[in-house]
Structure formats: C-alpha cells, structure tokens
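Trainee: If you scroll down you'll find the structure; I have some questions about it.
The values are calculated or read from the model by the stated rules, or taken from the named source; none is laboratory data. Note that the coordinates shown come from a computational prediction; the quantities given were computed from them, not determined experimentally. Because the Cβ atoms are built from the backbone with ideal geometry, glycine has one as well, and the counts that use them run over all protein chains shown. Side chains are part of the model used for accessible areas, which takes the heavy atoms of the whole protein and leaves out ligands, DNA and RNA. Shrake-Rupley method; radii C 1.70, N 1.55, O 1.52, S 1.80 Å.
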Amino acid sequence: MSGIIPDIASWALGGGVGRGEEDNSQTNAREESSSQTQPAAISGEDMRAKRMARLAAMEAQNSAASGNGSAANMDVDDSSSKASKPSVKETAQPMEVDSPTPSKPASDSTVDAAVEPAAKKKKAPPVDAKKKLRRTKVVMLRRVLQVTFGTEATDRAPSCVHLTLDDDEMYNPQKTPGGIEKRHVAEILAARLSLPPSSRSLETVPHQPSGLIAYLGGCHKRAGEEAKELRQSKKKDTSTLEALGEILEEITLQVVSYAASSLMVPDLFELASEAPMQLAKCLASTATDPINSITFDVQGKNTSFYACLCEELHSQDGLDTTIDAVTKCITESLVKCKSLVDDIPDGGLGTKALYLTSALREMCSNKKAAVVLSNNPAFLLPPANTAQAVQVVKVDPPYMAQPQAAMSIRISGVKRRSGLGLESQTILGLVLRLGVPSASPTVV
C-alpha cells in the first residue's frame, strides 16, 4: 500500500486523463524511480499529509480539465505487479483497420434492368411516310375490293383474288412513290371483272360472290363503311385522310358505273351473264340478310348501292329496261307459287315465295324504280273496252268444288280483264293471291 498513494498523486500532478501516451510513459518512469528511492519506513502523519495534498491536487486538476470528462477506470495493483507490467509505449499496438471490401460487380440482371429504361427511351428510327402510305392503301384495297397484286409472296392473301396486271406501276415504288392513286381504280376493277367464271384465281377462302352484281354491291358497301370510319378517325394526318378518301370515292363511283354498264350490255363481261337475274337474286336475299343487302344505306338515306345504281341507270336511260327485265325474272318464279310457304327449287330464282315478294318490295324502295314498275302493262288489268281487256288467256284455275267447271276454264280460258285474269296475269294479282294455307303449321 505504501506505493499506491505516491503513484496516484504523481498521476494526478502529471496531468491525469487526457495526456498522451508520452506523458503516461514519463509518469510510469517517475513512479518506478520514486518507488525505488523511497525510504522503507514513513510515519503515519507524514503519510496522511501526503495523501491529503495529493487528493487536493487531484480535485483541482479534475476541475481544471473540463474537456476530459470522467476519469477512466484504473487498475490498481501492488508495486510488484506494477513493475512487472510493460509500459504503455511497449504494449501499444497499431490500430487494426478493416480493409475496404471491394464492391461486387453488378449482375447481368441488374445491368439489363439499368439498360432497359434507356433502351425504352431511345427513339425509333423515322418511318418513311411514303412507304407507310403505300402500305395503307394496299391494305384498304384488300378490305374493300378484296384483290391483291404484286410479285412478292407477301402480296397475296387467301381471302383475296390475286390479279396479274399488265403494268407494275401500281406496286412499283420507283414509278409511283405514293402508291395507288385515284386513276388506278378503274383499271383494277376491270382486271377483276374480266376474269372468267372458271378462273382459279376466284377460288378464295372464304368464297367471294360468284355474280358480278353481288360482288360490286359488296364493294360499294365496304367502301362506304371505310369512308365513314375515315371521317371519324383522329389518328391519321390530313394528307393521308384526303388520299384515302379520294380512292374510296372513286371506288363507289366506278362500281356503280360498271354495274350499270353490265345491266345494259350483258356481254361486256363473262361474269355479267344474266345480270338482271343476278340483280333479282340480290334483291331477294334482302329478306335473309338485310344488313349486307344492296339496299342497305351505309352513309345515310339513298346512299345504298341499289339507290345509286337506279340513279346511274336513269341518267343513261336504262332504268326502264332493267326494271322490266328484273320484274320478269321475279314474276316467272312467283307464278309457280300457290302460297307464301312454297319453295321453287327448280328454275328461276329458286327460292321461297316469301323471298320473291320481298324482292318486289325492295325493288320499289327506290321511287324511280317503283314508277317504272307501276307503269308496266302487266302491273294492273287492262282498261275496259280495249282489245287487251277481252283477250282470252289460258290460266290454271284454283281448286274448285266442281271439277268439270275447272276443266272447262282450263280448256277455254278466261278474259284477261277478269278475276282469274287478275290473279294470273297481273303483277299485283300474283302477290295478292298468295296467302298461308290453313293446313300449314305456321298458321296459329
């Protein structure tokens, strides 16, 4: 214990906490020297006085050193253990500092994730405006006219008729950078209509209408639908809309013109043979498919193919002959019917009586055509006191209770201006005489 107090006092007087390693080393050296030179015996009073002085010095030193904080814990041991302990300078070792961990290389997925947003932001190469316009026109013609042309394999489509054109102007970008133009529509239609009925090119999937009138009517309807969509479109620029609109308008005019020419000159195209019968079949199909019929107004009142066709025929003085020919086709089949539920499978239109009467109704949907029908000599009974009124005609009388009377009428005939003459010899009578038999399951 005699060496502890001097050590504490010398530590306090030497600066205490906060001195560097050099001060601590000097303090340890002084302590060792003092412990060796200190006398062996010290009186109790001297010991207490030294203790008090050292304690006072320690308190003064602690109050003066405000930045050092509280004193660190100290290991107190006897002088022998103190002497055996190495100095601070000898035991101090350099601080071990962890070497910086090398950063791991980013994985491929991380790199891809970082590159992907940059790739998305990268602008696409500019598109050739003329090439895009050419492609748009070709696709539109596939939908409207259902035709293709060109020498590449991609220029064909199973649902379209592939045409072999005399000139490659329509699909050669060197000759027509902007693609098909308004002046090419008539040539394309002429190439399509000039195909013979036996041509392998007409074998499409799905099958296109075999008749010329039905095909042209479908083109007119599809062109009207495309024009309606273009007017409502907001994505295409003005120049593109105008170019496509001009082509569609030309298509609607040309299909009507070709149809009118085929009706007035049936030998113009092979596909136009029996054109009046084709028109009658199109009118009769209205009862089963009204939306796809030739009398359906796509763009408003009087915009159907049939209405435009009647106007074109009227302007060329061919409406009367056309309506009379179509009426004859309908009445020749209608005269074979006894009721509305009868079916005429052989000859003529080969359809039901109900569809035949619907064909007459659709034919009269145009006012000019209705006037022509009403002016037909066979529409009503001939005027009284005329040669036609007393003319005797052969008729097939209906069921009569007296078979002999029916046989007499069949042999001798009847006057045209009579009840039986009205039913069998007039267009109006052929329609009015039809009804539903009482034995039919359709009668409730």
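Trainee: Are there any pairs, at least 6 apart or on different chains, whose C-beta atoms fall under 8 Å, with the first in the range 312-332 and touching a residue at least 12 places away in the same chain (Cβ under 8 Å) and the second surrounded by fewer than 19 Cβ atoms within 10 Å (Cβ to Cβ) and basic (Lys, Arg), and if so, which?
Mentor: His314/Lys368; Leu319/Lys368
Conditions (1) under 22 Å from the mean Cα position of the chain (by Cα); (2) free of Cβ contacts under 8 Å to residues at least 24 places away in the same chain, marked per residue:
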residue	(1), (2)
Leu165	no, no
Lys182	no, no
Pro196	no, no
Leu216	no, no
Ala223	yes, no
Gln232	yes, yes
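Trainee: When the range 284-317 is examined, which residues are found to be at pLDDT 95 or above and open to solvent by less than 30 Å² (accessible area, probe 1.4 Å)?
Mentor: Correct list: Ile294, Thr295, Ser304, Phe305, Tyr306, Ala307, Leu309, Cys310, Leu313.
Trainee: Exactly one of (1) surrounded by 19 or more Cβ atoms within 10 Å (Cβ to Cβ); (2) among the small types (Gly, Ala, Ser); (3) part of a helix (DSSP H, G or I) is unmet by Ala325. Its number?
Mentor: With (1) surrounded by 19 or more Cβ atoms within 10 Å (Cβ to Cβ); (2) among the small types (Gly, Ala, Ser); (3) part of a helix (DSSP H, G or I) applied to Ala325, the lone miss is (1).
Trainee: Mind checking which residues of the range 128-148 are open to solvent by less than 20 Å² (accessible area, probe 1.4 Å) and either in contact (Cβ under 8 Å) with a residue 24 or more places away in the chain or among the small types (Gly, Ala, Ser) (or both)?
Mentor: Passing the criteria: Lys137, Met140, Leu141, Val144, Leu145, Val147.
Trainee: Let me ask something additional. Take Ile291 and decide whether it is under 37 Å from the mean Cα position of the chain (by Cα) and over 27 Å from Ser198 (Cα atoms). Break it down into steps so the answer makes sense when it comes.
Mentor: Values: under 37 Å from the mean Cα position of the chain (by Cα): yes; over 27 Å from Ser198 (Cα atoms): yes.
Answer is yes for this residue.
Trainee: Could you tell me which numbered condition Leu349 fails, if it satisfies all but one of (1) without any contact (Cβ under 8 Å) to a residue 60 or more places away in the chain; (2) part of a loop (DSSP other than H, G, I, E, B)?
Mentor: (1)
Trainee: Still on this structure, please answer the following. Which numbered condition trips up Ser261, out of (1) open to solvent by less than 20 Å² (accessible area, probe 1.4 Å); (2) closer than 20 Å to Ala369 by Cβ; (3) touching a Leu at 6+ places or on another chain (Cβ under 6 Å); (4) modelled with pLDDT of 95 or more?
Mentor: Ser261 satisfies all of (1) open to solvent by less than 20 Å² (accessible area, probe 1.4 Å); (2) closer than 20 Å to Ala369 by Cβ; (3) touching a Leu at 6+ places or on another chain (Cβ under 6 Å); (4) modelled with pLDDT of 95 or more except (1).
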